[in-house]
Amino acid sequence: MEVPCVRVERERGEETRQRLAEADLLAAEFEIEVADGNLYLPVTDRDRVPEDLPVVSRAVGERDTPDTPTDLLGYEPTYERLGDIVILDEDDPEQAREIADAVMSSDIPVKTVVNRASKVKGELRVRDWEVLAGDGTEASEASRGSEDGSSGTETVHREYGCEFLLDVAEVYFSPRLATERHRVAEQVEEAERAFDMFAGVGPFVVPFAKRGAEVVGVDLNEKAIEYLRENARRNDVADGVTAIQGDVREVAPEYSDWADRVVMNLPHSADEFLDTAVELAGDDCVIHYYDIQHEDDPFGPGEEAIRAVAEPEYEVEVETRHVVRSYAPHEVNVCLDVRLSR
Ligand code: SAM
């Protein structure tokens, strides 16, 4: 069966295998193959593979034992994996149940299967979920706990060597942004001061702190901040992280003129927080501004909004215009890396 595989020269095989395993991208149900001096490493999601690794379709063997959901269903279902939770986005309830049953009966390591029951919504950007199978199935709400005290919707997700505990029913989290977060984290330098205005459970904060930055993360969501503190501990960076629950507009005055780097991952309304970002910025500061715009002019509105707030106090230089992913038909999620210099 043809599956997406990362192709690397044999000598870089183990290093690449580890990179993919850390990002939870290796498809364990398929064999890794060697041919013509190259290694073919099967992956679970070609869209999340870092850009520097070529992905090809290749017929590889299935491992002896596993039954995959595809084997059991006779067609290939669409799902995403987040730790030991499998996430469906299925409108037809019968099909959702059929896929959930197949996933549970398959050999992929899974605790719970959930289906998206709403869009991300409200200030906290949390979605509703229907728990289809596994822990918490009998619960009326997705977040009801199981016997060990943890919820069926709580899991540990790994990306790029960091570990994140989170509950999808309580906080925003998207594993699809792993490559983007890594792109930004790689720009962070030792001892710099970084401020994440909408920090969630810490997928920017933790890797920044791992690179030696002093990091402040703020979020309105109390649960997200509890997870952020726990994730800082789990990844041995608690000393470099300050996690604050609250509205970033109220927290900002304490950190006025403070930041070398500001992350603004609240794509639909980041423009409303630009005055706060500029308040946080020190003399030389890079802002990572996330936006969702029409594909005809994905960067123009963001750049204009930033200039309107930061100039003339700061000189504004757009260092990177980056398309993160397509968001909806004709709409893209983008990031502007913008340097403000005073
Ligand atoms: N950066 C995280 C990530 O990549 O997973 C979370 C991003 S999520 C799109 C936006 C976050 O902003 C949510 O966790 C939400 O609770 C938080 N938020 C929304 N309005 C806020 C505000 N005024 N002050 C602080 N946090 C806010």
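No value in this document is a laboratory result; all are computed from the given coordinates. These numbers were taken from a predicted model, which means no experiment stands behind them. With ideal geometry, Cβ positions are generated from the backbone for all residues, glycine too; neighbour counts draw on all protein chains shown.
Shape summary of region 173-257, radius of gyration then Dmax from alpha carbon positions: 11.9, 33 Å. Spin-label model, residue 294/residue 124: points 7 Å from Cα along the beta carbon direction are separated by 3.5 nm.
Could you give the dipole magnitude of region 7-105 about its Cα centre, charging the beta-carbon of Lys and Arg +1 and that of Asp and Glu -1, in debye to the nearest 20?
Numbers: 11 positive and 28 negative charges, 93 e Å.
Here the size comes out at about 440 debye.
A crude spin-label estimate for the pair residue 36 and residue 249, with each label 7 Å from Cα along the Cβ direction, gives 5.8 nm. Each label was represented as a point 7 Å from its Cα along the Cα-to-Cβ direction; for residue 2 and residue 156 these points are 3.8 nm apart. Most simply put, the chain has about 70% antiparallel DSSP beta bridges, counting only bridges with both residues inside it.
Do any GluC sites (Glu not before Pro) in region 50-85 lie in a loop, going by DSSP, with at most 10 other beta-carbon atoms within 10 Å of their beta carbon, and if so which? Mind showing how you got there, number by number?
On the way: sites: 51, 62, 80; in loops: 51.
Qualifying residues, ordered by number: 51.
Subtracting the Cα-Cα distance of residue 76 and residue 327 from their residue separation scaled by 0.36 nm leaves 88.1 nm. Rounded to the nearest 10 degrees, the inclination of helix 300-310 to the longest alpha-carbon principal axis of the chain is 40 degrees. Normalising by residue count, region 154-201 has a Cα convex hull of 88 Å³ per residue. Only the Cβ atoms of Lys and Arg (+1) and of Asp and Glu (-1) were treated as charged; on that basis the dipole of region 172-287 about its Cα centre amounts to roughly 680 debye. Figure legend: label point modelled 7 angstrom from the Cα of residue 59 along Cα→Cβ; residues of region 1-26 with amide N under 16 Å from it are 1-5. The Stokes-Einstein estimate for region 287-342, based on a Kirkwood radius over Cα pairs and taken at 37 °C with 0.692 mPa s viscosity, is a diffusion coefficient of 286 µm²/s. A Cβ-based charge dipole, computed about the Cα centre of the chain with Lys and Arg at +1 and Asp and Glu at -1, lands at about 380 debye. For region 331-342, putting each phi into the Karplus relation 6.51 cos²θ - 1.76 cosθ + 1.60 with θ = phi - 60° gives couplings of 10, 10, 8, 10, 10, 9, 8, 10, 8, 9, 10, 10 Hz, in residue order, rounded to whole numbers and with x for Gly and Pro. With the convex hull drawn around the C-alpha atoms of the chain, the volume per residue stands at 147 Å³.
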